[in-house]
Structures are given as structure tokens and as C-alpha cells.
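Everything below concerns the one structure shown next.
The values are calculated or read from the model by the stated rules, or taken from the named source; none is laboratory data. What you see is a predicted model, and the numbers here were worked out from it, not measured in a lab. In this analysis, Cβ positions are derived from the backbone assuming ideal geometry, glycine residues included, and neighbour counts consider all displayed protein chains.
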Amino acid sequence: MSIPPESPSERNEEAPAEELQSDTHHPPAPADEVENFALEVLLATLMVSKSARITEISLGIIGNLACHDVSRRKITSTNGLIGTVLEQLFLDDAPCLCEACRLITLFLQSEESAFLVEALQSEHILCRVLWIIENTLNLQLQEKSISLLLAIAESKQDVATILLPPLIKLGLPRILVDLLSVEISKLIEERLPERYSFLDLILQTVEALSVMDEYSQEICSNKGLFQLLTQLIKLPDKADFANSCISASVLTANILTDAADLTLEISQDLLFLQGLLDVFPFASDDIEARSAVWSILARLLIQIQKTEMSPSNLHQYVSVLTSKSEVVEDELLNYDVDDTSEDHERSAKLTARSFALNGIVELLSRWRTLEGQVKGNLSMEGCYVNEGDVDKMLHYCYKCTNSSAGELMNKPTIYKP
């Protein structure tokens, strides 16, 4: 059964804050003593409360305390508190579950994350977390529960090593792909800004798994995932969900690194080529994302060069490239390989860009050899190409190719797209 969205009236049915007020006044106690007493009271409240709203508020207070290092350590030392918090995951109240997931996530992102592992690795608990994310219709709970999974995947301690294997076994990759499919379908039908952050969290979680040696093969071999990513990249008007498109591009580059044969599937897709080039402006501050786009573009153009194409197909590719000539030019003008990168990473980025630029030059040069009448006829058919744009694009691609070649001189080729 799906967890129903929260009813606005539910929050006002009780006034728990008034129940906790007291008219009795005492001299101030030491802060540590007060906080320890408060945690004991909150624990007792969670154990006996029959009110969903009081439970929600209690979890929220503990969550606020967990934002502070000293308080978080006191929470871990309060006997039975963490176990009681985990028990709240089995409630059927969305606001309570949101607070429980938020609290667990705060611990997973902290130095005390290892404290949770033993309790959290129970298959009973992990199954419940996956059930919540797969079945809830409450958007806030969807975000809180996927954030919990993302915190596990990104944990720098042993948390990921211990918790991810059972989660993978319980079907986490399938669930993530199913969620992604639903969100992209909704995005295609109607742009709902409130859902963009959830889409981005799903992609971040998949991306975190894709860079782990233990799970990259399972992620990269998922053809359904690859098709969803390409579908997302092809969508027009990306400004409102640009972060998701950037994540999708990085994921696609990771997948093509492990499954290069998939390049053939998208090499004939002009909408994908156009959508990929549209990602550049949104990735201007993200060197890794820009490098991912260059890597995909290089693989595409190398595959295209291997394919025999008619003048009509060639004209269509050139039309797409020149229609995005300003985007490519701006990217090349602003392109700055990260100086903090290791030499082999720097070479890989430059090499990917060089392969892509060479591919663009090769296609444009081939197009220039077509007879004028053929070009004119093809342009009249609705696929217009401006010769001035072709010449301009050739000029700056040549210039940047020579610049990259100079930087790569005397360096071995480490990476080939």
C-alpha cells in the first residue's frame, strides 16, 4: 500500500508543544545536564507516544540536535535512542518517516556514521527503506528517502562497503531505474519544477554507484538506464532541469567508457547530438561535466566517421553542428583544463577534446566537397546550412586542435575515446 501524501489538516489536530510546557520554574541546570535530560525525555516520548504529530516533532528535535557535533555524540551515547529512531521507519505516517530519514541521513554524513551500520545493516531495516522509496507517493518523503540512499553511497567510511552489497542484492539498481523512468515520463508530459530535485537526487545516486568498481558493471550494462539517460539529454529547453542533464551526461560518459558498443546506438541520433551540445552552457562551471560531454562527442564523431553516409545524412550532421556553432565556440573560448589534475587526467581531457574537434573538422571538410547544387537542394529541403558558419567553425576548430596538439606534445596518449 502506498503511503498517502500528508494531509494539511493533520498537522493541526494536536498541540504537542503545549503539552510539553510547564509553569514550574527551577534554577538553570548545566547545559550538558539539560541536553542529556532532553534526550531521555525524547526517547521516552518516542517509546510511548500514540500521536503521529508528537512523534514527528520529537524526531524533528533530535534531527536538529544531530546537526551539531557535540549533540550528535550525545545522541549516540543515549542508550536505545538510535534503535528507537530506526523503529519509526515502520510507521505509516509520511511526516514521521521524513523526519526519521532526515535524522538517519545526518548521521550517515557525519563522523558518527559507523555507529549506525550495525543497526542499519539488518535486512529487515534495509527492505523497509527500499519499500518506502519504491511505494510512497509523498514527494518530500521520496526526496528524504533517496537522500538517505545517496548518503550511504557517498559515505567515506566503511558504511558503503557494508550496506551497499545487501542493498544491491535487494534490488536497488532496478528500483533506481524504475524511479528514473517514472520521473522522466512525468517530465516529458508536464514540467513540474517541484519534482526536479528528486530527479537530480536519483541521478546522483546512480552516478555514485557507477564510479564504484564493484557496481559499475551492473550499472553500465543496464540498457534501460542508458536509454533513459539519452532520452533526458534529448529534451529541449533544459534550463529548469539543467543539473539533471549534467548528471545524465556524466553518467552516459561513464557508461560508454565501460560499454563502448552502445555508441553505435546513438551515433545516428541527430536529436541526441543536438541535445548533447546544448548541455555545454549549463556545465560551464563544472570541468568534469564539460570533459564528459567532450568524451561522448568524441566517441560519437569517431563512430560517425566509420559509417558510410549519403550526402543527405552528411548535410544533416553539418546542419546540427553549425546550428550550435556559437555554443561550441563559447565552450572552446572558456575551456580551461583543471590545472590541479594529474598529468594523465589532463592529457585524457585534452585528448578527448582533440578527437572531438578532429571529428567536427572531418565532417565539415567532407561537406565542403559536395557540389554546390547538391548543397542548395538539401538546404531547400528544410535542413539549412550556412557556408559562412561552416568556414567560421572550421577556423576555430583548427585553431583549438593545434593548441591542444601543442599541449600534448611529448606526452603519451593515456586515454582514447
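Tally up the residues in segment 370-397 that are of a type in the set (Asp, Glu), closer than 26 Å to Phe355 by Cα and out of contact with any Lys or Arg (no Cβ under 9 Å at 6 or more places or on another chain), please.
Narrowing segment 370-397 to residues of a type in the set (Asp, Glu): 371, 381, 387, 389, 391.
Okay, now just the ones that are also closer than 26 Å to Phe355 by Cα, so 387, 389, 391.
Within this subset, residues satisfying the condition of being out of contact with any Lys or Arg (no Cβ under 9 Å at 6 or more places or on another chain) are 389.
Of the residues in segment 370-397, 1 are of a type in the set (Asp, Glu), closer than 26 Å to Phe355 by Cα and out of contact with any Lys or Arg (no Cβ under 9 Å at 6 or more places or on another chain).
Out of Ile133, Ile75, I need the residue that is over 30 Å from Arg195 (Cβ atoms) and hydrophobic (A, V, I, L, M, F, W, C). Which one?
Details: Ile133 fails: over 30 Å from Arg195 (Cβ atoms).
Exactly one residue qualifies, and that residue is Ile75.
Could you check Glu214 against (1) part of a helix (DSSP H, G or I); (2) more than 22 Å from Ala289 (Cβ to Cβ); (3) in contact (Cβ under 8 Å) with a residue 12 or more places away in the chain and say which number it fails?
(1)
Here are some residues: Arg174, Arg191. Which one is of a type outside the set (Val, Ile, Thr), surrounded by fewer than 22 Cβ atoms within 10 Å (Cβ to Cβ), part of a helix (DSSP H, G or I) and out of contact with any Gly (no Cβ under 8 Å at 6 or more places or on another chain)? Full working, then the answer.
Numbers: Arg191 fails: part of a helix (DSSP H, G or I).
Being of a type outside the set (Val, Ile, Thr), surrounded by fewer than 22 Cβ atoms within 10 Å (Cβ to Cβ), part of a helix (DSSP H, G or I) and out of contact with any Gly (no Cβ under 8 Å at 6 or more places or on another chain) holds for just one of Arg174, Arg191, which is Arg174.
So that you can scan it fast, the table gives a plain yes or no per residue for (1) surrounded by fewer than 20 Cβ atoms within 10 Å (Cβ to Cβ); (2) outside any helix (DSSP H, G or I):
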residue: Arg73; (1), (2): yes, no
residue: Thr76; (1), (2): yes, no
residue: Asn79; (1), (2): yes, yes
residue: Ile82; (1), (2): no, no
residue: Val85; (1), (2): no, no
residue: Cys98; (1), (2): no, no
residue: Leu103; (1), (2): no, no
residue: Ala114; (1), (2): yes, no
residue: Val117; (1), (2): yes, no
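If you check Lys169 against the conditions, is it at negative phi, in contact (Cβ under 8 Å) with a residue 24 or more places away in the chain and basic (Lys, Arg)? Break it down stepwise before answering.
Details: at negative phi: yes; in contact (Cβ under 8 Å) with a residue 24 or more places away in the chain: no; basic (Lys, Arg): yes.
It is false that Lys169 is at negative phi, in contact (Cβ under 8 Å) with a residue 24 or more places away in the chain and basic (Lys, Arg).
Condition first: more than 17 Å from the chain's Cα centre (by Cα) and among the β-branched types (Val, Ile, Thr). Now tell me which residues in segment 280-322 satisfy that.
Hits for segment 280-322 are Ile296, Ile302, Ile304, Thr307, Val318, Val320, Thr322.
Among the numbered criteria (1) within 20 Å of Ala160 (Cβ to Cβ); (2) in contact (Cβ under 8 Å) with a residue 24 or more places away in the chain; (3) charged (D, E, K, R), which one does Glu118 miss?
(2)
Here's a check for you: in segment 247-283, which residue that is charged (D, E, K, R) and at pLDDT 95 or above is farthest from Leu321 (Cα to Cα)? Explain how you work it out, then say what you get.
Applying the first criterion (charged (D, E, K, R)) to segment 247-283 yields 258, 261, 265, 269, 278.
Now narrow it down to the ones that are at pLDDT 95 or above: 269, 278.
Numbers: Asp269: 13, Asp278: 11 Å.
Of everything passing the filter in segment 247-283, Asp269 is farthest from Leu321 (Cα to Cα).
Which residue out of Gly382, Gly388 is assigned to a helix (DSSP H, G or I), small (Gly, Ala, Ser) and in the same structural domain as Thr307 (by TED's automatic domain parsing)? Outline the logic, then answer.
Details: Gly382 fails: assigned to a helix (DSSP H, G or I).
Sole residue among the options that is assigned to a helix (DSSP H, G or I), small (Gly, Ala, Ser) and in the same structural domain as Thr307 (by TED's automatic domain parsing): Gly388.
For segment 165-217, name all the residues that are among the basic types (Lys, Arg) and at pLDDT below 95. Explain how you work it out, then say what you get.
Just the residues of segment 165-217 that are among the basic types (Lys, Arg), to begin with: 169, 174, 186, 191, 195.
Matches in segment 165-217: Arg191 only.
Checking Leu126 against (1) modelled with pLDDT under 95; (2) over 21 Å from the mean Cα position of the chain (by Cα); (3) not aromatic (Phe, Trp, Tyr), which single condition isn't satisfied?
Result: Leu126 passes all but (1).
On the given criteria, is Leu378 of a type in the set (A, V, I, L, M, F, W, C), at pLDDT below 80 and more than 25 Å from Ser247 (Cβ to Cβ)? Walk me through how you get there before you give the answer.
On the way: of a type in the set (A, V, I, L, M, F, W, C): yes; at pLDDT below 80: yes; more than 25 Å from Ser247 (Cβ to Cβ): yes.
Judged against the criteria, Leu378 is a match.
Do you know which of the residues in segment 210-269 that are under 27 Å from Arg191 (Cα atoms) and assigned by TED's automatic domain parsing to the domain that holds Gly359 is nearest to the chain's Cα centre (by Cα)?
Taking the candidates together, the pick is Ile266.
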